[in-house]
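Taking it in order: structure first as structure tokens, then the write-up.
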Amino acid sequence: MRDFARLYQRLDETTKTSDKVSAIVEYFAESPKADSAYALYFLLGQKLKPTLPTRIIRLAAARSAQIPDWLFEETYQWVGDLAETAATMARGVSSGNPESLSQTVEQSLIPLLQLAGPSKRKSRTSASQKDAKATDDDRLASTLIETWSRYDSTERFVFNKLLTGNLRVGVSAKLVTKALGHWCGLPTDELTHRLMGQWEPSEAFLNALIAQDSSEASPSKPYPFCLAHGLPEGFSQCHSVSDYIAEWKWDGIRAQLIQRSGHTFLWSRGEELLDGRFPEIQQAAAGLPDGLVLDGEILAFGDNRPLPFTLLQRRIQRKKPTAKILTEIPVVFVAFDLLEHNNKDLRNESFQHRREILESLKLGNDPAARSLRCNEMFLFDHWDQMIQQRDQARAFGAEGLMLKHRTSLYQVGRVTGTWWKSKVTPYTIDAVLVYAQRGHGRRAGLFSDYTFALWDQDRLVPFAKAYSGLTNEEIGRLDRWIKENTTQRFGPVHEVPPRIVMELAFENIQESSRHKSGIAVRFPRILRWRDDKSPQDADRLDHIKQMLQKAQPR
Amino acid sequence: MSYSNLLECTRRGLYCPAGDFYVDPWDRVDHAILTHAHADHARWGCKRYLAARSSEALLKVRLSNSIDLQTLDYGETLRIHNALVSLHPAGHILGSSQVRIEVDGKVALITGDYKLQPDPTCSAWEPVRCDLMVTESTFGLPVFQWPETQLVIKQLVAWWHENQKQGRTSVILAYSVGKAQRIIAEVVRLCGVEVAKDMAVHGAMLGPNRAYRNSGIEIPDLPSAASLSSDHDWSKALILGPPSSQGTGWIKRFSDPSIAMASGWMAIRGTRRRRNVDRGFVLSDHIDWPDLLRAIDACRPETVWVTHGFTDVVARYLMHQGIEAEVLQTHFSGDESEPIISEDA
Ligand SMILES: [Zn+2]
Ligand SMILES: [Zn+2]
């Protein structure tokens, strides 16, 4: 645990990629394999489940620090990081005999999480249930306090991060895999592939992972996903659009559909197996030839048009969708690439070639397999044709266009790839700041979560929350203004007088009965601080509702 | 209990009606008592000043040589109209005082900025029995618990040596008055005075350093980094600069510098990351949470006025402990302290 905590500290303290890589390489080189397996697991963002409810950490921390609960909460609100607040205030000293990471995980972390798991206790009355819960919480808090007492504050901090399943330390999966490659001598691409899918952190897994000859791959294993980048400024001046194949860019779930050894597997980009959630897609795929991998997007789809992403979200949440929801929210898999055909890896073929074989599969022609489709493609001679097509995207329920170079290979982990996305110019609106809350993580302690409102008659109606888009300097300036001008507090939320106007951008508008404003916007962000505008100049709610009408299908 | 004849909070600052003087006024007044030389406490333009004798050199560097300044030794009592005034060490920086005011047998104590940790560059804080205590609360949250100074200095020196091995210049950002001199004194105490040959400072620290030496604090006479020749070898150097020098041309003269900051705010990961430094050393000239409670306990006030910092939290906590407590609005920020501007932290 101590070594892993020091690794965390080293990664946290440097912004240099090379320093981060060497810190990880050193850790792998000096630690037992079982520890390295856990370290890899955590650094790649995996978590042990279930995580510990944060109320236990709050309870234990206040008790260990011998302070009242409200004081702990006030402090946490200011610090913005629960693991850190608890670790700093709790009592303890590092024991002279440090545990290994696997000891900590297996002897402290997992037992604590198991203890916190769903209680099997059955009580007759709700009062005794409540009592039982309080006793359980009590026992958990005592165990946690006891565990903390053996660690110094850095160890406690990292331990708490593991407890809450929230160990973000500014290293990407790519960087970790690169470090792994430096240490074991295998190419990063190979390791990325071997790390796909689900795995248990163990010495055996690590040994297999770094074995020089690849062991038999599991049939369910997806390929690492190729990602697209935003079209850079000036791209059209030095590239010919006729070298590219264009297709709609959808706002759904990116997924690989794998048909191997007589089974169908559906993987999300988050490397989660989606099996069972989308039975219509799996049924449709059953007719596909074996040894086939499709790359595409899952969309909620009705009336020959994608449905809003929020509907798709309702499908994702269901592990086993009911018949009702299956008819209400049908889904399709829109394939846009073919990565494996007849058991042959096609990733090093040109996109044009892969696309031709994909077309030959004639997806969607079979009436029994309507849930599988092939993404339509567009070819252009001039860039302005591309822009024209792209700007119609909303009418088709798409976000914009994808551009893929005809000769491009299916590559992963390049800084700039050969897939480009070009989104429709986002909606923009001028809104008034009405509430603010302290941010977390990098902006912990600063007011950096803002709520914005639009005019409805002479009332301001909150309609969007935005977090990003300001420079650090602007955040600091706004933070001071908020502190000096707060008129009322509702818990962590500070109300401010309607004086500041910001221009917001967002991707999409939907009707929403859950929002007071009657609308919901997707990906709202701050474009700029409109010092030049007074609150009266901000937009009206009607204005955004008109935007919504225009975005409806033709 | 009313303390209206003893002390009141006015728009120009804390005022003693019985003695007709202000303590650390925010405005130009006739008669000001200053707790210490930091800019947020010592303002220029008052007719007459009273401060601790040991703060004289520093105050004249900060304000002007021509100010009308009367000084007192720590513990010496002066009658001003109907008030008895004495100054007591606050342990914050050289010459920092707590102001004790007695009127009709009632005692108020204004701590100014203070700390309980030992500091070789100033006299140690002394508890003063009082009825009304006005305390700062810059770090008045239980997450602020300072590590031992010696431990922090050891970490700092280890970081310096590590940078030397890699041929990188070590730059510490620290407040020019107080923090910088404390670091210099502690580093020299740990490593011996011969390491001073590898140390230099930002020009803004020359005046304060001189004032410290003239006041009898033994710190080496370090050169200004800007005064050394442009081809000077910085690869082994430890340089001190004010926090405001981060990102300026001054810092660009050093070869591949590793930049650290010494401040109480470095105890929190979020503020450390926001400052965008390579290392944060937790070293503060303000009082931390446990010491704040200890200090109040030792002075045994009936009422506490809380100012400068986490005023709400500290006042609420004290009230829960059965101590009468009030938040004193300063004309600075609204309700809480501001890690970005209060650089003397
Ligand atoms: Zn000060
Ligand atoms: Zn101050």
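Structure data summary
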item: Check on B:LEU94, open to solvent by less than 30 Å² (accessible area, probe 1.4 Å), within 15 Å of ligand 2 (Cβ to nearest atom) and part of a helix (DSSP H, G or I); result: no
item: Any helices (runs of 4 or more DSSP H) falling wholly within the stretch B:225-334 and containing at least 2 residues that are hydrophobic (A, V, I, L, M, F, W, C) and away from ligand 2 (no atom under 16 Å from the Cβ); result: B:249-252, B:289-299, B:311-320
item: Strands (runs of 3 or more DSSP E) wholly inside the stretch A:228-320 containing at least 1 residues that are over 26 Å from A:THR192 (Cβ atoms) and either at pLDDT below 85 or open to solvent by less than 50 Å² (accessible area, probe 1.4 Å) (or both); result: A:244-249, A:292-302
item: Whichever residue in the stretch B:49-74 is basic (Lys, Arg) and either within 16 Å of ligand 1 (Cβ to nearest atom) or in contact with a Phe, Trp or Tyr (Cβ under 9 Å, 6 or more places away or on another chain) (or both) and, among such residues, is nearest to the other protein chains (Cβ to nearest Cβ); result: B:ARG62
item: Flag if A:PHE378 is open to solvent by 20 Å² or more (accessible area, probe 1.4 Å), in the same structural domain as A:ARG254 (by TED's automatic domain parsing) and in contact with a strand residue (DSSP E or B) (Cβ under 7 Å, 6 or more places away or on another chain); result: yes
item: Residue list for the stretch B:121-163, filter: in a loop (DSSP other than H, G, I, E, B), surrounded by 19 or more Cβ atoms within 10 Å (Cβ to Cβ) and within 14 Å of chain A (Cβ to nearest Cβ); result: B:THR138, B:PHE139, B:GLY140, B:LEU141, B:PRO142, B:VAL143, B:PHE144, B:TRP146
item: Leading residue by the ranking (nearest to A:GLN392 (Cα to Cα)) among those in the stretch A:487-516 that are modelled with pLDDT of 85 or more and in a loop (DSSP other than H, G, I, E, B); result: A:ILE500
item: Top-ranked residue in the stretch A:56-87 [being free of Cβ contacts under 8 Å to residues at least 60 places away in the same chain and assigned to a loop (DSSP other than H, G, I, E, B); ranked as surrounded by the most Cβ atoms within 10 Å (Cβ to Cβ)]; result: A:ILE67
item: Condition met for A:TYR467 (hydroxyl-bearing (Ser, Thr, Tyr) and buried (at least 22 other Cβ atoms within 10 Å of the Cβ)); result: no
item: Within the stretch B:126-157, tally of residues that are within 16 Å of ligand 1 (Cβ to nearest atom) and among the acidic types (Asp, Glu); result: 1
item: Some residue of the stretch A:359-379 being within 20 Å of A:TRP419 (Cα to Cα) and in a helix (DSSP H, G or I); result: yes
item: Candidates A:ASP345, A:ASP430, A:ASP384, filtered to the one that is acidic (Asp, Glu), under 30 Å from A:MET502 (Cβ atoms) and over 25 Å from the mean Cα position of the chain (by Cα); result: A:ASP430
item: Test result for B:LEU283, at pLDDT below 90, more than 15 Å from A:TRP78 (Cβ to Cβ) and away from chain A (no Cβ under 14 Å); result: no
item: Cβ-Cβ under 6 Å pairs, at least 6 apart or on other chains, the stretch A:1-26 side within 13 Å of another protein chain (Cβ to nearest Cβ) and in a helix (DSSP H, G or I), far side aromatic (Phe, Trp, Tyr) and surrounded by fewer than 19 Cβ atoms within 10 Å (Cβ to Cβ); result: none
item: Pair list, Cβ under 6 Å, 6 or more apart: the stretch B:298-314 residue touching a residue at least 12 places away in the same chain (Cβ under 8 Å) and within 13 Å of A:THR75 (Cα to Cα), other residue within 16 Å of ligand 2 (Cβ to nearest atom) and of a type in the set (A, V, I, L, M, F, W, C); result: B:VAL314/B:VAL306
item: Extreme residue, farthest from ligand 1 (Cβ to nearest atom), among residues of the stretch B:22-35 that are part of a loop (DSSP other than H, G, I, E, B) and on the phi < 0 side of the Ramachandran plot; result: B:ASP30
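The values are calculated or read from the model by the stated rules, or taken from the named source; none is laboratory data. Here the structure is a predicted model, which is why all the values come from computation and not from measurement. Note that each Cβ is placed from the backbone with ideal geometry, even for glycine, and that neighbours are counted across all protein chains shown. Accessible surface is based on the protein model in full, side chains and every heavy atom, while ligands, DNA and RNA are left aside. Shrake-Rupley method; radii C 1.70, N 1.55, O 1.52, S 1.80 Å.
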